Every structure is written in structure tokens, then in C-alpha cells.
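Participant: One structure, as C-alpha cells, below. Some questions next.
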Amino acid sequence: MKENSEHLLILTQLFKVGIDRADLMLETISRSPIKLKLISLELFSPQHLLIQLEQRLGSKALKAMELVFTGEFQGNTQLVFPKPTAAMLIDLIDNEDRRKLDKDAFEKAIFSEVGNIFYNGIMGVVSTLCEYGITYMIPKYKEGDLRNLLLGTLSPKYSVALIGTVEIFPDRNLLFWFQFDTLEKLLEKGTNLSDYFDV
């Protein structure tokens, strides 16, 4: 239990730095102030990821951005937009150019931009800590019920999963999850976070 708490402390600091960086970038595209705040982070066995996500999100239609990474360690991740949060983001990040798009393209453009910003913040921190020993793909937009979002993402090669909740406004949250083949190297690098960033 002590080891798990220590791991969570390292990971929480790492993700907070990444989310703070994303927050600064997100402010530049929003018509009103947005403040991203990490409010929870939990570790799980990957075998429990689906049921944990179902408890938090249900099985209704969702929108998400998905990213795959390889290198010193490998894994995948999704940033999921619950419906109330998705509707709020559409309103906050609306602009003249996007209004010219049809509804589906309009929404996809907004969620793609938010997802790109979110992962630039987090994976930028991870890449810096790993001295660029991590390669990650451009995030991919997905929509559907939870099982469709997870299609092709679950694999026995992953040994650990985490779920994080990010508050944007009171009662308006984003949810993200990661799976890793190993956390050992990230935890080792994470102990040096203060050498690279203000924490």
C-alpha cells in the first residue's frame, strides 16, 4: 500500500505539471477562462479498466481522443469528454471559422484541438523526463459507446492502468486513462521532475 501511495504521489505531480501546461495553451483558444485542475488519479489493473470506466461514464455515446506511445515504455491513452462537458467546450471554443463547418466536423475540430493541447502538455512532460526516449502518434478522434471507444485498446501486454479526472468548471469534468506495459521507468524519471519543471 505504501509503495502504491508513493507511486501515486510521483504520478500526480507529473500529471499536474502536464495539465498546467495544457491549461496555459487552452486559454489561448477559449472565449472565457478555462482552468484545468487534476482532482483525482487512481491506479488499477488493466483488467479492471473497463468496469472502472463504466462506473464513471456509463455506456452512453461519448467522444474521445486517443493516443498511442512507444519507446522506453509503451502504452495508450484516451481523453474522454462526458456529454455535459462536451457541450460546454463547444460553446466556449466556438469561432467564426468553425461555424462554417457542418455539426459533426465542427465538434470533431473542437475535441481534436482540446485533445491535442491536453496531450501536448502531458506527453511533453513525459518526453522531457525521458529525454525524448518516447515517441507518440498524433491523437485520433473517436466516438461511440464506451465499448466502441475501447475497441482495439485493451491488451494483455499492459501491466498497469490509471484513471484521472480533470475539473474544468464545477460539475464539469474531463476523464483520461492510460495503460502502460511498465511504470518502472516513468516512476524513476518522475523522481527528477523538479530538475526540469517548477513543482
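Participant: Would you pick out the residues in the stretch 138-151 that are open to solvent by 80 Å² or more (accessible area, probe 1.4 Å), within 25 Å of LEU183 (Cβ to Cβ) and outside any strand (DSSP E or B)? Explain how you work it out, then say what you get.
Facilitator: Going through the stretch 138-151, the residues open to solvent by 80 Å² or more (accessible area, probe 1.4 Å) turn out to be 138, 140, 143, 147-148, 151.
Retained after the next criterion (residues that are within 25 Å of LEU183 (Cβ to Cβ)): 138, 140, 151.
Within the stretch 138-151, ILE138, LEU151 meet the criteria.
Participant: Hey, among the residues in the stretch 112-137 that are in contact with a strand residue (DSSP E or B) (Cβ under 9 Å, 6 or more places away or on another chain), within 20 Å of PHE180 (Cβ to Cβ) and of a type in the set (A, V, I, L, M, F, W, C), which one's most open to solvent (accessible area, probe 1.4 Å)?
Facilitator: Residues of the stretch 112-137 that are in contact with a strand residue (DSSP E or B) (Cβ under 9 Å, 6 or more places away or on another chain), as a first pass: 112, 114-116, 118-119, 122-123, 126-127, 130, 132-137.
Keeping just the survivors that are within 20 Å of PHE180 (Cβ to Cβ) gives 115, 118-119, 122-123, 126-127, 130, 132-137.
Those left that are additionally of a type in the set (A, V, I, L, M, F, W, C): 118, 122-123, 126, 130, 134, 137.
Working: PHE118: 5, ILE122: 2, MET123: 2, VAL126: 8, CYS130: 3, ILE134: 12, MET137: 118 Å².
Only one residue fits best here, namely MET137.
Participant: Could I ask something else about it? Filter the stretch 11-56 down to residues that are part of a helix (DSSP H, G or I) and hydrophobic (A, V, I, L, M, F, W, C), then give me how many there are. Before the answer, list the steps.
Facilitator: Kept after step one, since they are part of a helix (DSSP H, G or I), are these residues of the stretch 11-56: 11-27, 46-56.
Checking which are hydrophobic (A, V, I, L, M, F, W, C) leaves us with 11, 14-15, 17, 19, 22, 24-26, 49-51, 53.
Qualifying residue count, the stretch 11-56: 13.
Participant: Only one of these conditions is not met by THR70: (1) surrounded by fewer than 16 Cβ atoms within 10 Å (Cβ to Cβ); (2) part of a helix (DSSP H, G or I); (3) polar (S, T, N, Q). Which number is it?
Facilitator: The failed condition is (2).
Participant: Just to be sure before I move on: is ASP91 of a type in the set (Asp, Glu) and outside any loop (DSSP other than H, G, I, E, B) in the structure I sent?
Facilitator: Numbers: of a type in the set (Asp, Glu): yes; outside any loop (DSSP other than H, G, I, E, B): yes.
Taking the combined requirement at face value, the residue satisfies it.
Participant: With (1) open to solvent by less than 40 Å² (accessible area, probe 1.4 Å); (2) at pLDDT below 95; (3) under 30 Å from GLU6 (Cβ atoms); (4) outside any strand (DSSP E or B) as the list, and ILE168 as the residue in question, which single condition is left unmet?
Facilitator: (4)
Participant: Which one is surrounded by the most Cβ atoms within 10 Å (Cβ to Cβ), of the residues in the stretch 179-199 that are under 17 Å from SER45 (Cα atoms) and polar (S, T, N, Q)?
Facilitator: Only one residue tops the list, namely GLN179.
Participant: When both residues are 6+ apart or on different chains and their Cβ atoms are under 9 Å apart, which pairs have a first residue that lies in the stretch 143-163 and is under 15 Å from PRO82 (Cα atoms), and a second that is among the hydroxyl-bearing types (Ser, Thr, Tyr) and open to solvent by less than 60 Å² (accessible area, probe 1.4 Å)?
Facilitator: ILE163/SER40
The values are calculated or read from the model by the stated rules, or taken from the named source; none is laboratory data. Values in this document were obtained by computation on a predicted structure and should not be read as measured data. Here Cβ is always computed from backbone atoms with ideal geometry, including for glycine, and neighbour counts include all displayed protein chains. To get the accessible areas, we keep the full protein, side chains included, count just its heavy atoms, and leave off ligands, DNA and RNA. Shrake-Rupley method; radii C 1.70, N 1.55, O 1.52, S 1.80 Å.
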